[in-house]
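Contents: one structure, followed by commentary.
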Amino acid sequence: MGEPETELLAIAQEAAVTAAGELRARFGQRQGVRTKSTPTDLVSDADVAAEKAIRSVLSDRRPDDSILAEESGVTGEGGLRWIVDPLDGTINFLFGIPVFAVSIACEDRHGTLVGVVLDPIREECFAATRSGPPVLNGAEIRASTRDELATAMVATGFAYDAGVRSRQAEVVTRVLPRVRDIRRAGAAAVDLAWCACGRYDAYYERGLHKWDLAAGALIASRAGLELRELTATDQDPAGVMVAPRALADELWQLVGSG
């Protein structure tokens, strides 16, 4: 691992820990809740406070870098860009369901350099760099190497738009009879991190944003999973699939066409 990656990873972890403190203090409180794209797509004071905490750390440690954050958009024009989701799993958070995370990545023109997914409740910090191994609280992790789809645990998620959700339900009806079971945790960054450590075998979802994916996708790919883009269709947004190489083609046939 190069020294710049080590430094960037440490900054990402510091920012994530700072945001996690804001989230734990507000967990389960429905304060300052507003809608975004649909009545079921929510943002809260907790999202804003956590993002502000992250920006404060990044501004102090890396003032010349740019930032793409879910709630406040793009700032700066630096050669490195931080991709920030201060609270992935807002609905879970507001309903008191302890499945959510802080997701922070840093990228250059070649792609993602470092990624951190921090679960504030379990105090689990998943991290990876472009050139180093993926870790959970400092211990190296590896993803599933399962080679039989029928025994695979597959995670997914659903969009906020009702029309897209309806078509996603059709995909689930194709997948469910072919796998061990389906899980829907409600936080893409957590899904990707749990794939990276083998809790899930594979994961697919459409309608995600860059801040949902950047950190978790790096961690999952460094853990040995194959990552494929789900291309957009006339009706459905793009997405991602991660799976062990031996399962990728078979699962792709079920989910790749929308």
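The values are calculated or read from the model by the stated rules, or taken from the named source; none is laboratory data. All values derive from a computational prediction rather than experimental measurement. Reconstructed Cβ throughout: ideal geometry from the backbone, glycine too, with neighbour counts over all protein chains shown.
Residue by residue, here is whether (1) free of Cβ contacts under 8 Å to residues at least 40 places away in the same chain; (2) within 14 Å of the chain's Cα centre (by Cα); (3) on the phi > 0 side of the Ramachandran plot holds:
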residue	(1), (2), (3)
Glu51	yes, no, no
Asp60	yes, no, no
Gly78	yes, no, no
Leu94	no, no, no
Pro98	no, no, no
Glu123	yes, no, yes
Phe126	no, yes, no
Asn137	yes, no, yes
Glu140	yes, no, no
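Just one of the listed residues (Arg30, Arg24, Arg55) is outside any loop (DSSP other than H, G, I, E, B) and either without any contact (Cβ under 8 Å) to a residue 60 or more places away in the chain or more than 21 Å from Gly216 (Cβ to Cβ) (or both), namely Arg55.
Looking across segment 132-167, the residues that are modelled with pLDDT of 95 or more and in a helix (DSSP H, G or I) come down to Leu149, Ala150, Thr151.
The residues of segment 176-208 that are within 21 Å of Gln253 (Cα to Cα), in contact (Cβ under 8 Å) with a residue 24 or more places away in the chain and surrounded by fewer than 19 Cβ atoms within 10 Å (Cβ to Cβ), listed by number, are Arg178, Arg180, Asp181, Ile182, Arg183, Arg184.
Being more than 19 Å from the chain's Cα centre (by Cα), at pLDDT 90 or above and closer than 22 Å to Ala217 by Cα is a property that does not hold for Asp88.
Rundown of residues vs (1) at pLDDT 95 or above; (2) out of contact with any strand residue (DSSP E or B) (no Cβ under 6 Å at 6 or more places or on another chain); (3) surrounded by fewer than 18 Cβ atoms within 10 Å (Cβ to Cβ), yes/no style:
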{"residue": "Pro4", "(1), (2), (3)": "no, yes, yes"}
{"residue": "Leu8", "(1), (2), (3)": "yes, no, no"}
{"residue": "Ser37", "(1), (2), (3)": "no, yes, yes"}
{"residue": "Thr75", "(1), (2), (3)": "no, no, yes"}
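A single member of Val102, Val74 is free of Cβ contacts under 8 Å to residues at least 12 places away in the same chain and part of a strand (DSSP E or B), and it is Val74.
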